[in-house]
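To start, the structure itself, in structure tokens.
The values are calculated or read from the model by the stated rules, or taken from the named source; none is laboratory data. Here the structure is a predicted model, which is why all the values come from computation and not from measurement. When we count neighbours, we look across all protein chains shown, and the Cβ atoms used for this are built from the backbone with ideal geometry, even at glycine.
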Amino acid sequence: MPMLYFKCECGKEHRKIVPIDRTGYFQLPNGNWRFDPNAPKAAPKPQTDPCECGKVVVGTDDPKAVWSFLKFNFMEI
């Protein structure tokens, strides 16, 4: 699952696991999800999260994240 990094102007930071966006996927009878290449593409929207001080911050990629070389089937979740 993707991890987002939030850092507020007050200096506090936190990370949040974001569920996988299944826009453009359809569910198979066995419960798996498969990508539909003919589905309309949705515009990406920024992920926001409230800080403890009350301000809303926008999530970015985690600077401490380690990229993985694991392969998996992108067509089926």
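When the range 18-33 is filtered for residues that are at pLDDT 85 or above and polar (S, T, N, Q), the ones remaining, listed by number, are GLN27, ASN30, ASN32.
Tallying residues that are surrounded by 11 or more Cβ atoms within 10 Å (Cβ to Cβ), of a type in the set (D, E, K, R) and assigned to a loop (DSSP other than H, G, I, E, B) within the range 1-14 yields 1. State whether the residues of the range 7-17 include one that is at pLDDT below 80 and under 24 Å from ALA65 (Cβ atoms). No, the range 7-17 contains no residue that is at pLDDT below 80 and under 24 Å from ALA65 (Cβ atoms).
Here the range 26-67 is the region considered, the condition is being part of a strand (DSSP E or B) and over 15 Å from the mean Cα position of the chain (by Cα), and the residue that is surrounded by the most Cβ atoms within 10 Å (Cβ to Cβ) is VAL57. A Cβ distance below 6 Å, combined with a sequence gap of six or more or placement on separate chains, defines the contacts here; from the range 8-32, residues that are among the hydroxyl-bearing types (Ser, Thr, Tyr) reach residues that are surrounded by 11 or more Cβ atoms within 10 Å (Cβ to Cβ) in the pairs TYR25/TRP33; TYR25/PHE35.
Just a yes or no: is a residue in the range 15-22 in a strand (DSSP E or B) and within 11 Å of the chain's Cα centre (by Cα)?
Looking for residues that are in a strand (DSSP E or B) and within 11 Å of the chain's Cα centre (by Cα), one finds at least one in the range 15-22, hence yes.
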